[in-house]
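K.L.:
Have a look at this one before I ask anything.
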Amino acid sequence: MRAVQVSEYVKGPLDLKVTEVPTPTPAADKYLIEIHSAGTNFFDILQIQGKYQHQPPLPWVGGAEFAGTITALPTSSSTTPKFKVGDRVFGATQGAYATHILAPEQALLPVPNGWSFEDAAGLFVTAPTSYGGLVQRAGVKSGDWVLVHAAAGGVGLAAVQVAKAMGATVIATAGTQRKRDIAREFGADFVIDYRDSKWPELVKKLCKENRKGNGTAGVDIVYDPVGMIDASLKCVAWNARLLVIGFAAGKIEKVALNRVLLKNVSIVGLHWGQYARFETPTVGEVWKGIFDLVAQGKFRGTAFKDESFVGLESVPKALAALGERETWGKVVVNVTGNEKAKSKL
Ligand SMILES: NC(=O)c1ccc[n+]([C@@H]2O[C@H](COP(=O)([O-])OP(=O)(O)OC[C@H]3O[C@@H](n4cnc5c(N)ncnc54)[C@H](OP(=O)(O)O)[C@@H]3O)[C@@H](O)[C@H]2O)c1
C-alpha cells in the first residue's frame with residue numbers, strides 16, 4: 001500500500017513523503033479498511049516533529065482520523081463482528097495517511113446515511129468533544145446563551161451546531177471575516193472578532209441588549225478550545241459554566257479565581273479521549289445523541305471546502321495549511337480521489 005510513513009522526525013509537514021509499504025494483513029481482532037478520506041489534526045503536525053505526547057517507535061504511518069470501506073473482518077473474534085465487508089465506516093487510530101489501515105471495533109462507527117467519506121473523516125474527534133462538553137459537562141438547555149470561541153475551527157463548528165440544536169443562542173468568536181461568515185453559515189446568531197481586545201465588552205453589550213434577568217450580565221456557557229477562560233469570566237452570567245476544551249493559542253492559562261467565586265460559576269474540563277477508559281457508557285450516549293442530531297438534519301459535516309486536498313501527496317500541503325491557521329472546519333485529504341463528487345449512499 002501507499003502511506004505517509006515517518007522513518008525519522010521532520011522539521012515540518014512539507015518534508016513528508018509518500019512511500020510504498022506492506023499492506024497490513026487481516027488481524028485477529030482488527031478490521032482491515034480501505035481508506036477513502038483522512039482527517040487532519042494539529043497533533044499530527046506535532047507527532048511528525050516528535051513533539052506529541054504519543055510517539056510510536058519509528059517507523060510509523062502518520063494521521064489518525066479516517067473514513068473508508070471494510071475489506072476484511074477480524075480473523076478470530078469471540079463475538080460476532082458488528083460490521084461486514086463493504087460497510088462504510090469512520091474512526092480513529094494511528095496510521096490514517098495511507099490507503100489501508102487496521103482498526104479495532106471500538107475505534108469504528110458507521111458512516112451516517114447520506115454522508116460522504118470526506119465529511120465522515122472529520123467526525124470522530126470533533127463531534128463528541130463538543131457534544132460531550134456542552135451536553136454532558138455543561139448541561140446546555142433551551143434558552144441558554146453559549147459563547148463559542150474559535151467557532152470556525154474543527155471543534156468550534158461542531159459546538160455551534162450542538163448548541164443551536166439544543167435550543168441555545170450562540171455568540172461565535174473567530175479571527176477573520178471568512179471564519180465569522182462560516183460560523184454564521186453553521187448557525188451562529190452573533191459573531192465577534194476576538195482579535196479586538198474589547199471583545200468581552202461586545203459580548204456583554206449583546207447580552208444586555210437581548211437578555212433579561214441574570215442573563216443581562218453575560219452568557220451561560222463558554223466553550224473554549226483556545227485558552228481564553230480568564231477573559232471570558234468578564235462576560236458570564238450568574239451560575240455560568242466555562243468549558244476548558246483546549247489551548248490552541250499555545251499557552252496554558254492561569255485564572256483569577258476570585259471571579260469564579262463572585263459570579264458563582266463553574267470551570268469544567270473535558271478530556272474526550274479518556275471517556276473510553278473511565279466512563280465507557282457515556283461514549284455510547286454521546287454518539288447516540290450525535291446520530292440523532294444527524295438524523296434530524298441538525299448536525300452536518302464540516303469539511304473545509306475552500307481548497308481540495310486530493311491524494312496522499314497532498315497530506316503535506318493539507319497539514320501546512322492547517323498549521324498556518326488558514327483553514328476552517330476539518331481539513332480532509334481525499335485519499336482515493338475526489339470524494340465530494342462521489343455518490344452519497
Ligand atoms: N478536550 C478534548 O477532549 C479535545 C478534543 C479535541 C480537540 N481538543 C483541542 O481543541 C483545540 C482546537 O481543536 P480543533 O480541532 O478545533 O483545531 P483547529 O480546527 O485547528 O481550530 C483551532 C482554532 O483556534 C484558533 N486559534 C486561536 N489561536 C490560535 C493559534 N495561536 N494558533 C492556531 N489556532 C489558533 C483558530 O481560529 P481563529 O483563526 O478564528 O482564531 C483556529 O481555527 C486544540 O487545542 C485541540 O487539542 C480538545
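K.L.:
State all residues of region 258-272 that are surrounded by 11 or more Cβ atoms within 10 Å (Cβ to Cβ) and more than 18 Å from C207 (Cβ to Cβ); if no residue qualifies, say none.
P.N.:
Passing the criteria: V260, S266, I267, V268, L270, H271, W272.
K.L.:
Separate question: Among what's in region 215-260 and is of a type in the set (D, E) and either part of a loop (DSSP other than H, G, I, E, B) or within 12 Å of the ligand (Cβ to nearest atom) (or both), pick the residue that is farthest from L322 (Cα to Cα).
P.N.:
E253
K.L.:
Is region 270-288 home to any residue that is within 16 Å of the ligand (Cβ to nearest atom), part of a loop (DSSP other than H, G, I, E, B) and more than 20 Å from the chain's Cα centre (by Cα)?
P.N.:
no
K.L.:
Looking at E279, is it of a type in the set (D, E) and over 23 Å from V170 (Cβ atoms)?
P.N.:
yes
Quick grid of which residues meet (1) surrounded by fewer than 24 Cβ atoms within 10 Å (Cβ to Cβ); (2) of a type outside the set (D, E); (3) touching a helix residue (DSSP H, G or I) at 6+ places or on another chain (Cβ under 9 Å):
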site: A165; (1), (2), (3): yes, yes, yes
site: D193; (1), (2), (3): yes, no, yes
site: E201; (1), (2), (3): yes, no, yes
site: K212; (1), (2), (3): yes, yes, no
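K.L.:
Determine which single condition F309 fails, assuming it passes every other condition in (1) buried (at least 18 other Cβ atoms within 10 Å of the Cβ); (2) within 30 Å of V236 (Cα to Cα); (3) of a type in the set (F, W, Y).
P.N.:
Every condition holds for F309 apart from (2).
K.L.:
Would you be able to tell me the number of residues in region 117-155 that are more than 16 Å from the ligand (Cβ to nearest atom) and surrounded by fewer than 24 Cβ atoms within 10 Å (Cβ to Cβ)?
P.N.:
Qualifying residue count, region 117-155: 5.
K.L.:
Taking Y9 as the residue in question, decide whether it is farther than 25 Å from G337 by Cα, outside the structural domain of V155 (by TED's automatic domain parsing) and surrounded by 13 or more Cβ atoms within 10 Å (Cβ to Cβ).
P.N.:
Against the criterion (farther than 25 Å from G337 by Cα, outside the structural domain of V155 (by TED's automatic domain parsing) and surrounded by 13 or more Cβ atoms within 10 Å (Cβ to Cβ)), Y9 qualifies.
Residues are listed down the side, and each one gets a yes or a no for (1) touching a Leu at 6+ places or on another chain (Cβ under 8 Å); (2) outside the structural domain of F90 (by TED's automatic domain parsing); (3) within 11 Å of the ligand (Cβ to nearest atom); (4) touching a residue at least 40 places away in the same chain (Cβ under 8 Å):
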residue: N113; (1), (2), (3), (4): yes, no, no, yes
residue: A158; (1), (2), (3), (4): no, yes, yes, yes
residue: R178; (1), (2), (3), (4): no, yes, yes, yes
residue: D181; (1), (2), (3), (4): no, yes, no, no
residue: K208; (1), (2), (3), (4): no, yes, no, no
residue: G213; (1), (2), (3), (4): no, yes, no, no
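The values are calculated or read from the model by the stated rules, or taken from the named source; none is laboratory data. Source: prediction; values computed, not measured. For neighbour counting, all protein chains shown are included, and Cβ atoms are generated from backbone atoms with ideal geometry for every residue, glycine included.
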